[in-house]
Every structure is written in structure tokens, then in C-alpha cells.
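Read through the structure below, which is laid out as C-alpha cells, and then see the notes.
Just so it is clear, none of the values below were taken in a lab; they were calculated from the coordinates. From a predicted model like this one, the values you see are computed outputs, not experimental measurements. FYI the Cβ positions are ideal-geometry reconstructions off the backbone, even for glycines, and counts take in every protein chain you see.
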Amino acid sequence: NTVFLLHMNDTSLIDSSSNSITTTLNGSMARSGTESKFGSYSAYFDGSDDYISLPDLAANDDSVTTPTTGDFTIEGWFKQTTGRSGADRYFSFGNNGTPGSGGEPAFCGGYSASTTWNSYHSAGTNNNITFPTEDDDWHHIAAMRSGSTIYMFYDGVRKGTHSCSADMQYSSGTAFIGTRSNTATEYFTGYIDEFRYSNNARYSTSGSDGDTIFTPSQGTATSATGTLIQSANTVGSAKTKV
């Protein structure tokens, strides 16, 4: 169900899914060895003109091209390093034009105030959910659609839901990471690692707001080699069979 997955470890920030979707780095977009959640690198966004764009996803996966009427999960690890100047868009799908031109996207999300997550989708305009206060630590954020409901998760905790029963209208199936179409002021500033878009609802819809629904993976594996040391076994008597 993975449409695209960016590990952010290679210089081109390529898609590691089986679709091998082309990524385009805009501005001074590049990987950085300064911070990472997994591996040795993450993608750094300077908050000025940096963003990653992917082409119309329908060319690779027509089961869900952008968040329209089907289920989806958009998620990643984010480390915001400076405060906002307006809203900081973490991601945007179904963009109409470029960050400096065009129309509204189909679906986008990001902090719009220090404790407010704003999700915009063309079928239901703006929806605000109370999030923990912005800080400069790594956090896992996921937006999931199941049926006609959008679920927002912060470090695996369900923070809120809102209805989205209509079709999200969009101009194209493009995906932007770090900005959105129709505005040149809502760039993300900081680091992003392990960004994934799936065409299914990956997490449970049970529980209530404030419940921990899942635990994001926290581990980092750097090497599978090592030395096994074990005390010698003493044989107590002669053995004829093993």
C-alpha cells in the first residue's frame, strides 16, 4: 500500500517504494547530516524556497492518486527548528500550480499557530485541531482518512478528527513536501525524515481523542554485526548421542 517512501538518506532524496516515483528538489533543497531520526541523514528545509515535489501520482498508482474519496495515510518524522511566519505547511497533495501561483490544493496540513494544527481540504475548507506546543524535537505526525473521517495523530496519540465525506477536488495529483500551492509564505523550516504516503488507512480508528493508538518506531539500527560470547558448557559424562 506504499505509494511513495522517502528515507532522505541519498543525495537525490529518491522514492524507495516499488513505484520509484521521480522526486524534484526545489530551491536549495538537500539532505543534511546535522540531524536525522533514522540513518545518518534527513532532508533540510530552509523555510525560504525549499520543497520536494513529486509528479502526478496517477502515473504510478491509480488506486488513490491524491486524497480524493479513498482511504490514505500521510506520515513522517518532523523537527521544526524555527517559529512560524504564518502557517508552515508540512505537506500538500493535489496542488494547483506552484507555491507562488495557482489555486488551492486538495489537501494540506501544518501548524497555523503554536498549538494549532490546520488541515485544509477542498471538500471541507479549514479544520483546526489542538496539538502540543511547537518545539524543536523530532515528532511523528500522521494524517489518515478512513471512510469519511480524517484522523490526526501526534506521536501515535489521536489528537482529533473531522468529517470529509465529499470528494476532494484537485487540479493534478502532484505532491509537495515542505509547502503548498497558491502561497509563497508557508514554507516549512527544519528537518523531515522517513516520509511515507499510503493508499490505505494504516492505523486503528478505535478509541477517542487523547488515546495512544500506536507507538511510532523509535529504534535506530546501525549494524547487524557483533560478537557472541558464551561460557563453555562442561560435559558431565560420556555421550553417545546428541
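Structure above, values below:
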quantity: Segment Asp136-Thr116, length gained on full extension (0.36 nm per residue, minus Cα span); calculated: 5.6 nm
quantity: Amide hydrogen neighbours beyond the local backbone of Lys159, cut-off 5 Å, H modeled; calculated: Met152, Phe153, Tyr154, Gly210
quantity: Residue-wise HN-Hα coupling along the range 33-39, computed from phi with Karplus coefficients 6.51, -1.76, 1.60 (Hz; x: Gly, Pro); calculated: x, 6, 9, 7, 8, 9, x
quantity: Separation of the Thr69 and Thr185 label points, Cα + 7 Å toward Cβ, nm; calculated: 3.7
